[in-house]
There are 2 protein chains.
Amino acid sequence: MSRASDRAYSAIRNMILSGELPAGAQLGEEALAEMCGVSRTPVREALRRLEADMLVGRTDTQRTFVADWSINDVADAFELRAMLEGRAARRAAERMSDAALARIRNANRALATAIQQPSPDVAGFLEGNREFHAIILEVAGSRRLAALLGTLIEQPVVLRTARHYTREELRRSHAEHEELTAAFARRDGAWAEAIMTSHILRAYHAYADAHRARIDAGMTQEAAE
Amino acid sequence: MSRASDRAYSAIRNMILSGELPAGAQLGEEALAEMCGVSRTPVREALRRLEADMLVGRTDTQRTFVADWSINDVADAFELRAMLEGRAARRAAERMSDAALARIRNANRALATAIQQPSPDVAGFLEGNREFHAIILEVAGSRRLAALLGTLIEQPVVLRTARHYTREELRRSHAEHEELTAAFARRDGAWAEAIMTSHILRAYHAYADAHRARIDAGMTQEAAE
DNA sequence: GACATGGATATTGTATACAAATGCCATCGG
DNA sequence: CCGATGGCATTTGTATACAATATCCATGTC
């Protein structure tokens, strides 16, 4: 992470995810280099990685810009993620060791703690959630699958709406994690896959509902935050 | 494609797929630059792309080498490809226009012609096959899905064994394409998905059988070619 | 003889200069 | 006034020089 190209990648990525660089904005290499305090070479590398993540796009003449995620793109990403994480859960259940199961239970406990605070600890929830899914991906034991999911896990719009989660949504998410853990304990791949697919698609519809609500209220996406 | 980085990408890629650069070989940037007739800058870009394709790997100290695909890696890639192409076929069936259906039928006719030659035209078959799958992916209308499949379609070992296909295998592949076309004509997504998944998995097992036969004969993978 | 150490060698990372291309805008002709 | 054209400004692409880091091998020590 100490390399200039990694710093550039993180910096630009954060600026996109935070909305500091709005969708559609042109990304000049020179300007980004100055912002990141590095030369154009590592910036170019960072931009290529972000392009692979589909966080930035490219015109037919090689101009780079912040990708604009339409509601269809979000639906698309969720659909694929549901399928791939479902497959990961199936494989994980079939390969689950007692040690890994213990780690998953641990991550779930941390998650439960986070949502039981007087005012829910969203950052803690997200971290526990990330850990939970990471362990599953690790146990699934497919580098390919992990690579494919890598580009799908963090979507700009979704991360930005995470802190609007209600306590009820957090509690429900945790309950689904518990059910998944039960499927893992039984080494039931089909069950695990079904729960995981449902888990992701429910999250999608929660997002889509919130999105529609904002539209109906006549608010722009930015103003709603 | 006229850019130096694109030429470097194609050149290195071909050297890997052809086996000229064997699995495990170290890839020095300087040496590759000389081979491709460009400087290190575009070579570095090409290597990053190949890394995303998982055709090359990287040591913990940033040394690049030709990825070594174990039989498990191949199985992994096929399993994911079966799932993703299956999904693509489902989406394509649900979105199929009459014009696109005509194009698919056309690609199939070209494919039929190729395998009916006195001595099967494997190159022609592969091109028709590529076109067929490309149209499906286009009709599926998911840029994400296309991007994910992009890294899965061309596996080194599989391409190298393609020319050993028997006429019977080619004929069977064509028959499956015909059946897929029927599913598209009915706009039956579930049917299309099932055929496509089966199509890919059958191809995998044909490959795995051939691979096992080579092992049993005490031949190395290279010697078998 | 095995292993640690240090420095020479090779390789990768970054900055910068320059080349090529793209976009912009003023000018000109209709 | 509208659109085409040409040249200037900006941006991206490539080469190269240099810096940082890793590898390798010889040497010395136990």
7 Å along Cα→Cβ, label-point gaps from B:Pro22 to other copies, nm, shortest first: 5.8
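Determine, from the Cβ-Cβ distance of A:Phe65 and A:Ala147 and an R0 of 22 Å, the FRET efficiency 1/(1 + (r/R0)^6), rounded to the nearest 0.05. Don't skip to the answer; put the middle values down first.
Working: r = 25 Å, r/R0 = 1.14.
Plugging the Cβ-Cβ distance into 1/(1 + (r/R0)^6) gives 0.30.
Sorted by accessible area (1.4 Å probe), largest first, how do B:Thr41, B:Thr181, A:Thr197 line up?
Values: B:Thr41 90, B:Thr181 5, A:Thr197 40 Å².
Result, largest first: B:Thr41, A:Thr197, B:Thr181.
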Förster radius 45 Å - calculated FRET efficiency between A:Met35 and A:Gln117, Cβ distance, rounded to 0.05: 0.80
Protein-only accessible surface order, largest first, of B:His205, A:His177 at 1.4 Å: B:His205, A:His177
Solvent accessible area, Å² - A:Asp188, 1.4 Å probe, full protein context: 60
Whole-number D in µm² s⁻¹ for region B:54-113, Kirkwood Cα-pair radius fed into Stokes-Einstein, 10 °C, 1.306 mPa s: 106
Between helix A:71-95 and chain A: long-axis angle, C-alpha atoms, 0 to 90°, nearest 10: 40
Global form of region A:71-216, assessed from the alpha-carbon gyration tensor, a/c cut-off 1.5: oblate
Residue of A:Ala31, A:Ala114, A:Ala93 that the Gaussian network model of chain A assigns the largest fluctuation, springs spanning Cα pairs under 10 Å: A:Ala31
Highest-MSF residue in chain B out of B:Ile200, B:Ile215, B:Ile153 [GNM, Cα springs under 10 Å]: B:Ile215
Teacher prompt: B:Ala217 distances to equivalent labels in other copies, 7 Å Cα→Cβ, nm: 6.9
Computed accessible area, A:Met35, all protein chains, 1.4 angstrom probe, square angstrom: 110
Calculated label separations, A:Pro118, copies of the chain, 7 Å along the beta-carbon direction, nm: 9.0
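Students sometimes get this wrong: rank A:Tyr207, A:Tyr165 by accessible area, probe 1.4 Å, all chains present, largest first. Mind dumping the intermediate values first?
Working: A:Tyr207 15, A:Tyr165 80 Å².
Ranking A:Tyr207, A:Tyr165 by accessible area, largest first, yields A:Tyr165, A:Tyr207.
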Column: log10 I(q)/I(0), Debye, Cα scatterers of region A:140-198, q = 0.18 Å⁻¹: -0.87
In range of the label at A:His205: residues from region A:82-114 whose backbone nitrogen is under 17 Å from the point 7 Å along Cα→Cβ: A:82-83
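The values are calculated or read from the model by the stated rules, or taken from the named source; none is laboratory data. Every value quoted in this text rests on a predicted model; they were computed, and no experiment measured them. Glycine also receives a Cβ, built like all others from the backbone with ideal geometry; neighbour counts cover every protein chain displayed. Accessible surface is based on the protein model in full, side chains and every heavy atom, while ligands, DNA and RNA are left aside. Shrake-Rupley method; radii C 1.70, N 1.55, O 1.52, S 1.80 Å.
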